[in-house]
């Protein structure tokens, strides 16, 4: 009798298992190139904030923590994402800088604005380098990089450049606020004011790219106005002069 | 008007790997600009310069024992790809360490570089600007997960050493040197004591100090390490203590707080009273 009851109970449970359908939830991400499936699905996580606080949380994460194993260290747990997945953004608002027709002894300037965001981490540095000086269509014809009024500025040192009898090509960078007002934030260590210029490091002659803007703290949308200046003498050959400038943004480690 | 606006995350990754291990890391690249961007990828080695977290890519030879490739099926490392406006692309970087790799640190940047565009022939005298954004990769190759580090506090100062009870804050500056072969973080505290009683503790930010280089410290929730007024007058000491795992002796400095501003106010009040008293005595001698 007892065996019969047990058999009926087991049969009943098995029947129930067939009828009670429970979906197993997992998380997956995919693109054209790959598909990653996650077996773990946490209860809740994210960033909560009010006027007085910001809270990041993860509830239900399976086995969070740092795991050391053969060959690697794994930091598991979504809270680590806030630690390492800092979005690092860099923008240049205008890629084509046009000087128009260059007039001897009259400085031609053109500007664009660069913007950087490092929400966390240790800050950033922005490096500038040119592929060559402003060069004409004929080989060897260039507008040389400026040495400023004193004749001593270089890719590493800025100098005053206001004289219309000082010829060359160079740039100035001034930190600006969201209204476009000059603040010097990020650039004051490199340019005293907007009359100071320096050369771009010339990669064609193996000059090292130089930092011209940096900060040691996380920033959000910090901008600088870059002013490019070309000034030619009457003896400068008539030509169309061109070059290319790379702005390299990297975080501080 | 073409523009460049790119987001790259994460901005830095740190790994400890055994020789012969393979690691993969996914990066998200987002084109925030309103025009398509022609992009390329590269990995360059660097070394630290200065003590503020700057890097230099000049004259560095990449180790043949650390190999990089992309795990994406449609994009190879060094292959040009296009990112449409608003498009996000995940790039999966594969890092292979050879079994011959030396037990050392290796520092690289994973770069997303904009490809040069054709200059507008209708515009004479122009400069084309190109954007490039990078994410650092700090790789320690070690047979042990628990690498031993040896730190040294090479500088610890406070400014000013003689301070008023009000006005400006005290600023602490310190430099930590890494005398070991693997990077570490500046975990530790600055403890400020008065009469052997703790009045304030500043927690250090976890700045990376790379192998055989130095790094200035900073404090959590502030760029510099500062202690805000008001202060009680007297003699103070500040002790910089690093995490015991860094095997660095602590450093202690002292400073003094004096009530300059209160003394100045008192002197001014007494002077005014004295002048009033003299005036009264001179012009009203019999009152």
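Within the stretch B:118-137, the set of residues being at pLDDT below 90 and either more than 7 Å from chain A (Cβ to nearest Cβ) or touching a helix residue (DSSP H, G or I) at 6+ places or on another chain (Cβ under 7 Å) (or both) comprises B:118, B:121, B:122. Is it the case that residue B:85 is surrounded by fewer than 17 Cβ atoms within 10 Å (Cβ to Cβ) and more than 11 Å from chain A (Cβ to nearest Cβ)? In short, yes. For residue B:45, the conditions (1) within 21 Å of residue A:115 (Cβ to Cβ); (2) more than 8 Å from chain A (Cβ to nearest Cβ) are fulfilled apart from (1).
Note on the stretch A:209-253: residues that are at the interface with chain B (Cβ under 7 Å from one of its Cβ atoms) and part of a loop (DSSP other than H, G, I, E, B) amount to 6.
Residues considered: B:224, B:228. Of these, the only one that is surrounded by 14 or more Cβ atoms within 10 Å (Cβ to Cβ), over 29 Å from residue B:141 (Cα atoms), touching a strand residue (DSSP E or B) at 6+ places or on another chain (Cβ under 9 Å) and modelled with pLDDT under 95 is B:224.
Of the candidates B:155, B:177, the single residue that is without any contact (Cβ under 8 Å) to a residue 24 or more places away in the chain and assigned to a strand (DSSP E or B) is B:155.
Kindly check whether there is at least one residue in the stretch B:202-215 that is away from chain A (no Cβ under 14 Å), touching a helix residue (DSSP H, G or I) at 6+ places or on another chain (Cβ under 9 Å) and at positive phi. Within the stretch B:202-215, not a single residue is away from chain A (no Cβ under 14 Å), touching a helix residue (DSSP H, G or I) at 6+ places or on another chain (Cβ under 9 Å) and at positive phi.
Let's see how each residue does on (1) over 21 Å from residue B:178 (Cβ atoms); (2) outside any strand (DSSP E or B); (3) touching a helix residue (DSSP H, G or I) at 6+ places or on another chain (Cβ under 6 Å):
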{"position": "B:14", "(1), (2), (3)": "no, no, no"}
{"position": "B:19", "(1), (2), (3)": "yes, yes, no"}
{"position": "B:26", "(1), (2), (3)": "yes, no, no"}
{"position": "B:29", "(1), (2), (3)": "yes, no, no"}
{"position": "B:34", "(1), (2), (3)": "yes, yes, no"}
{"position": "B:60", "(1), (2), (3)": "no, yes, no"}
{"position": "B:69", "(1), (2), (3)": "yes, no, no"}
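For the stretch B:256-270, check the following and say yes or no: at least one residue is out of contact with any helix residue (DSSP H, G or I) (no Cβ under 7 Å at 6 or more places or on another chain), surrounded by 15 or more Cβ atoms within 10 Å (Cβ to Cβ) and farther than 24 Å from residue B:158 by Cβ. Checked against the condition, which is being out of contact with any helix residue (DSSP H, G or I) (no Cβ under 7 Å at 6 or more places or on another chain), surrounded by 15 or more Cβ atoms within 10 Å (Cβ to Cβ) and farther than 24 Å from residue B:158 by Cβ, the stretch B:256-270 yields no hits at all. The residues of the stretch B:158-174 that are part of a strand (DSSP E or B) and within 19 Å of residue B:216 (Cα to Cα), listed by number, are B:158, B:159, B:170, B:171, B:172, B:173, B:174.
The values are calculated or read from the model by the stated rules, or taken from the named source; none is laboratory data. Just so it is clear, the model here is predicted, and its values are computed rather than measured. So basically every Cβ, Gly included, is an ideal-geometry build from the backbone, and we count neighbours across all protein chains shown.
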